[in-house]
Amino acid sequence: MGGEVKKNENVTIVCRCRDVTLDDVIRAIEEYEITDLETLKRKLGLGMGPCQGRTCIPIVIRILARKVKKSPNELMIPRIRAPIIPVQINLLLKSIDLKKQEKG
């Protein structure tokens, strides 16, 4: 899922960051019997690109709601997990080292 799109194909891109198409979303919902947004997000990597789901999550909520015959309001919006912006791993590791020094 989320493979390379051929030039002549008539496809609808749902997630530009991860190249996930409408067909990918529908196939995942049907094939894995997905009924919640969090599972679909994890399966396809939705919301994990540079836009953090600002574009694709609202679209996918409507698609999933239609497929499972629920209102979009009934589907839980996935939680945003910090950090929302990229953080260098060495900054996180320095924080851990400082905490160890304070305790030691």
Over the alpha-carbon set of the range 13-79, divide Rg by the Kirkwood Rh and report the Rg/Rh ratio to two decimals. 0.91
Which entries in the list Lys41/Lys99; Lys41/Lys100; Lys43/Lys69; Lys41/Lys69; Lys41/Lys94 go over 26 Å, if you measure between the two C-alpha atoms of each? Lys41/Lys99; Lys41/Lys100; Lys41/Lys94
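Where a number appears in this text, it was derived from the coordinates with a stated rule and is not lab data. Every value quoted in this text rests on a predicted model; they were computed, and no experiment measured them.
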